[in-house]
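Each remark here refers to the structure printed beneath this line.
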Amino acid sequence: MASPTVTDSAYPHLFSPWRHGRLQLRNRIVHASMTTRRVFNQKPTPEMIQYYANRARGGAAMVVTEPLNTSRLQSRSHYVRAWNDDNLDWLSQWAQAVESEDCRLLGQIQDSGRGRHERGRNPGAIGVSALPDDLSWTMPRVLSTEELRGMLDDFGQSAARLERCGFSGVEISAGHGHLFHQFLAARSNERTDEFGGDFDGRLRFLQLAIASIRASCTGRFIVGLKLPGDDGMPDGIDPQQAAQIVSLLTRDGSVDYVAFCQGAHARTLDWHVPDMHWPRSAWMPLIRSLRSHAHGVPVMALGLITDPAEAEGILARGESELIALGRPLVTDPAWPLKASAGRESDIRYCVSCNSCWGQIVEGQPIACDNNPRVAAVDEVDWRPAHASVSRLIVVVGAGVAGLEAAWIAAARGHQVTLFGGGAQVGGSTRLHSRLPGGESLSSIFDYQYLQARRYGVRLELGFPATLMDVLDAKPDQVILATGSSLLWPRGWPAAWREGGWVPDARAAALGLVSRFRPQGGTAVLFDMDHTEGTYAVAQVLRRLFDRTVILTPRERIAMDVPLVSALGIYRRLTKLGVDIVPLADVSTCSELESGRVACENIYTGALQVIDDVALLTYSTPRAPRDELLAPLRSRGVPVVAIGDCKAPRTVLAATSEGHAVAILD
C-alpha cells in the first residue's frame, strides 16, 4: 500500500517528510505506546506483530511498542522479553514487519514499579522505596543499589539487542507514575543512596539509563523520552519541576525527542488517557510551556488529539514537532492514509471512551468500540468482501449493533431493510451522546449511517416494526437489534410505576437534557447500573436540581467502569456536590406524593429520609427487548439476536456482534 503524500493535502505539516538528527520520518505521525495483551509467555505472537504492521501500513511514520521486559528483574508474562536472546527471531520478525513499511519501530523501556492497574495487589512488585502504591496499596520490594546498577546495564544491553534485530530505537517511559517517575518524585523516593535524596539524586537513575543505552548502541539509534509534565500530586512532579527535568535531560543532545504526559498512578490516574469530559487536545497548554525548556529537541504532542485538523493546527502553530496518536490509531490504523487522501469521512474516529484500557487491565486483548477488526490481517482500510449469494436481510433496530450489521451486509451485496423505532439512528447510544462527556459517541453511529446510505440500505425509521412488518418484507434473514429496557427495581410498589411518578433514567434524561432552567428541589437517582451513562445523567440532574443524591446497594459507585474512568467520575461528582449514599435501597415507606424518599440500609434497615424530592428515577440492569424473537422462529424465519437484544452489555459488544453476524455467509 502506498505511503501518504502531501499532494493536494489539507494537512501539509502533518504529512510532510520530516528530518531532525537521527529522526528520518515520512510524516509527523507517531503511534503512542499501547499494551495489546497479545503476548504469550513473554513471547510475541503473530497477532501482536500484525497489530503493529497494520499501524505502519496505515501510514504512521513511527511506532512505539508496548512496554518490554528489558531487565532480568522483569518477568510480566504479557510483556515481550528482550533482556536475553530467547526472542531474537521474533524480535527480528517484528522489526521487519514494521520497518519494511518505511515506519520506524521503537521499543518501550518501562517498569510499573509499585503501580498496579489490575485488581488486587502485586506481591512481586519492585520499587524505589518502602512506600505503598497510592491506588492498590501494593508494597514493593525495595531495589538495592547493586540491583539498580544491574538494571541500568540490562537496559543498555536490551537496547543493543533490539538494534541488532532491526529496531530503530527505544522510548524510555518515565511518566505515568511508573518506576522512573517514582525515582523522580520526592513523594515516592525516600532513598539515601546515590539514587535518592536531593533533586540531582532523584534524577540520576533516569540520566544513567539514557547514558547506558547511548553507550551500548550505535550513533544512529533513536532514544525518545516520555516525561511527567504534571502529575497533580503533593510532592510529585509539577510543571516547574518538569521544566527543570526536561532542561537537564535535553541539553547534551543524547535524547532525540521528548513527550509529556500527565497524572500519576494515584488519584490522578484518569489524567493519563483523558476522556471527553476533558477539552480537546487537553495537554497542549502544558506542552507549549514545557517545549521552551527542551533546547530545541523535538517535542511530541499527545493527549486527546483525534482529528487531523487538530493535529495539523498544532504543527502549523509550531506548538510541537510530532503528533502521537494512541487510541485513534487503535480505532483506525488507516487514519493517516485516509486523512492524507481527503477521506476524513471514512475514518472511524476514537470516541475516547477508554474501553480499550478496560480490556487491557482485565487481561483481555485490546479491542475497540468503533473498530471490530483490531489486529485482523485485513484491518487496514477494510472493505467487506462480496457474499457468494445475495439475500434479502431485515435488520430490526437502528442502534449501533443494528447499524453495523446493516451497512456491512449491504456492502456485501445483500438487499437490506433496516427498521428503527426512533426518528433518528443511534438508539440508546444517541441519548448517551447528548449527555455530558458523551459527544464523541456520535461518531460511531454517524460513520455507520453514512456507510448505510452509501451502500443502499433501505431505512424505515420512526415507528417500531411489528411482526407483520417484518414478515411482509419476506426476508431470508432477520437480525434483531432491538436493544433493552431498564428493569423496574425489585420490591418497589407497582403503584409508583402505574402512576407514572417514577421514570427510568433514560426517560428522565431524554426529558431533561435540553432544559437549562433549574427545576428546584432534590433529584434522587437509584443506581444499580454502575456504568458511565448513569453518572452522565447525574450530572444533568445536578445542573437542574438544587440537590442530587445517588443511592446504590453496592459499597461504592462506578464499579463496572474501568478504574481510569471511574476516578474521573468520582472527581466530577464530588466537585459538583452530588451526594452518594452506598449500601442503600429505596424504602417502600417513602411518601412520594409528599416529596419524601426514605432510603434503607441494606444490612441494618436503618432509614434516612430525603425531603423535597422533585424526581425519583432509577438506572438498573436491563432486560432484552426480544418480543419478536420467538414469533419469528415459530414461523420458520431465520433470525439472530445481537447486542442488547441478545444480552444487555456494552457498546463494544454491540458493534462487535453486529460486525460478526454481517460477515457470515
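Do any residues in the range 214-233 that are free of Cβ contacts under 8 Å to residues at least 40 places away in the same chain have Cβ atoms under 8 Å from those of residues that are of a type outside the set (Phe, Trp, Tyr) and surrounded by 23 or more Cβ atoms within 10 Å (Cβ to Cβ), where the two are at least six apart or on different chains, and which pairs are they?
Cβ pairs passing all conditions: Gly232/Gln262; Gly232/Gly263; Gly232/Ala264.
Restricting attention to the range 436-459, does a residue exist that is surrounded by fewer than 17 Cβ atoms within 10 Å (Cβ to Cβ) and aromatic (Phe, Trp, Tyr)?
No: the range 436-459 contains no residue that is surrounded by fewer than 17 Cβ atoms within 10 Å (Cβ to Cβ) and aromatic (Phe, Trp, Tyr).
Quick one: in the range 219-251, which of the residues that are over 28 Å from the mean Cα position of the chain (by Cα) and surrounded by fewer than 16 Cβ atoms within 10 Å (Cβ to Cβ) is farthest from Arg22 (Cα to Cα)?
The selected residue is Asp235.
Restricting to the range 543-568, name every residue that is open to solvent by 10 Å² or more (accessible area, probe 1.4 Å) and under 13 Å from Thr617 (Cβ atoms).
Matches in the range 543-568: Phe545 only.
Within the set of pairs 6+ apart or on separate chains, which have a first residue in the range 629-644 that is over 13 Å from Val470 (Cβ atoms), a second that is among the polar types (S, T, N, Q), and C-beta atoms under 7 Å apart?
Taking only residues 6 or more apart or on different chains, the pairs are Asp644/Ser484.
Is it the case that the range 569-587 has a residue that's open to solvent by less than 60 Å² (accessible area, probe 1.4 Å), small (Gly, Ala, Ser) and more than 32 Å from the chain's Cα centre (by Cα)?
Yes - at least one qualifying residue is present in the range 569-587.
Gln477 fails exactly one of the following numbered conditions: (1) in contact with a Pro (Cβ under 6 Å, 6 or more places away or on another chain); (2) closer than 30 Å to Leu592 by Cβ; (3) of a type in the set (S, T, N, Q). What is the number of that condition?
(2)
So, in the range 271-301, exactly how many residues are closer than 30 Å to Tyr570 by Cβ and either out of contact with any Phe, Trp or Tyr (no Cβ under 9 Å at 6 or more places or on another chain) or of a type in the set (S, T, N, Q) (or both)?
Adding up the residues that qualify gives 10.
Does Val63 satisfy being open to solvent by less than 10 Å² (accessible area, probe 1.4 Å), within 19 Å of Val377 (Cβ to Cβ) and part of a strand (DSSP E or B)?
Yes; evaluated as a whole, the condition is true for this residue.
Restricting the first residue to the range 19-34 and requiring it to be in contact (Cβ under 8 Å) with a residue 12 or more places away in the chain and closer than 21 Å to Leu329 by Cα, which pairs with a second residue that is surrounded by fewer than 16 Cβ atoms within 10 Å (Cβ to Cβ) and of a type outside the set (Asp, Glu) meet a Cβ separation below 6 Å and a spacing of at least six or different chains?
From residues that are in contact (Cβ under 8 Å) with a residue 12 or more places away in the chain and closer than 21 Å to Leu329 by Cα, the pairs are Arg26/Pro17.
Test Gly437 against the criterion of being over 25 Å from the mean Cα position of the chain (by Cα), modelled with pLDDT of 95 or more, in a loop (DSSP other than H, G, I, E, B) and not basic (Lys, Arg), and give yes or no.
When the stated conditions are applied, Gly437 does not pass them.
Which count do you get for residues in the range 453-496 that are farther than 26 Å from Pro631 by Cβ and not hydroxyl-bearing (Ser, Thr, Tyr)?
11
Among (1) modelled with pLDDT of 95 or more; (2) hydrophobic (A, V, I, L, M, F, W, C); (3) more than 29 Å from Gln539 (Cα to Cα); (4) surrounded by fewer than 19 Cβ atoms within 10 Å (Cβ to Cβ), there is one condition Ala641 misses while meeting the rest; what is its number?
Going through (1) modelled with pLDDT of 95 or more; (2) hydrophobic (A, V, I, L, M, F, W, C); (3) more than 29 Å from Gln539 (Cα to Cα); (4) surrounded by fewer than 19 Cβ atoms within 10 Å (Cβ to Cβ) one by one, Ala641 breaks only (4).
Hey, among the residues in the range 389-411 that are in a loop (DSSP other than H, G, I, E, B) and either β-branched (Val, Ile, Thr) or under 30 Å from the mean Cα position of the chain (by Cα) (or both), which one's surrounded by the fewest Cβ atoms within 10 Å (Cβ to Cβ)?
Looking at the filtered set, the residue picked out is Val389.
Looking at Phe516, Phe463, Phe445, which one is within 31 Å of the chain's Cα centre (by Cα) and part of a loop (DSSP other than H, G, I, E, B)?
Selected residue: Phe516, the only one of Phe516, Phe463, Phe445 that is within 31 Å of the chain's Cα centre (by Cα) and part of a loop (DSSP other than H, G, I, E, B).
Val502 fails exactly one of the following numbered conditions: (1) in a loop (DSSP other than H, G, I, E, B); (2) open to solvent by 40 Å² or more (accessible area, probe 1.4 Å); (3) in contact with a strand residue (DSSP E or B) (Cβ under 8 Å, 6 or more places away or on another chain); (4) under 27 Å from Arg596 (Cβ atoms). What is the number of that condition?
Every listed condition holds for Val502 apart from (2).
Tell me whether the range 48-60 contains one or more residues that are in a loop (DSSP other than H, G, I, E, B), buried (at least 22 other Cβ atoms within 10 Å of the Cβ) and more than 22 Å from the chain's Cα centre (by Cα).
No, because not a single residue in the range 48-60 is in a loop (DSSP other than H, G, I, E, B), buried (at least 22 other Cβ atoms within 10 Å of the Cβ) and more than 22 Å from the chain's Cα centre (by Cα).
Within the range 130-153, does at least one residue satisfy the condition of being β-branched (Val, Ile, Thr), part of a loop (DSSP other than H, G, I, E, B), touching a Gly at 6+ places or on another chain (Cβ under 9 Å) and open to solvent by less than 10 Å² (accessible area, probe 1.4 Å)?
Yes, the range 130-153 contains at least one residue that is β-branched (Val, Ile, Thr), part of a loop (DSSP other than H, G, I, E, B), touching a Gly at 6+ places or on another chain (Cβ under 9 Å) and open to solvent by less than 10 Å² (accessible area, probe 1.4 Å).
Return the total of residues in the range 22-42 being loosely packed, with under 14 Cβ neighbours inside 10 Å and either within 21 Å of Gly169 (Cα to Cα) or modelled with pLDDT under 95 (or both).
So the answer is 0.
Keeping to the range 532-551, report how many residues are under 24 Å from Glu362 (Cα atoms) and free of Cβ contacts under 8 Å to residues at least 60 places away in the same chain.
1
The values are calculated or read from the model by the stated rules, or taken from the named source; none is laboratory data. Since this is a predicted model, take the numbers as computed values, not measurements. Methodologically, a virtual Cβ is constructed for each residue, glycine included, from the backbone with ideal geometry; neighbour enumeration extends over all protein chains shown. Accessible surface areas use protein heavy atoms only, side chains included; no ligands, DNA or RNA. Shrake-Rupley method; radii C 1.70, N 1.55, O 1.52, S 1.80 Å.
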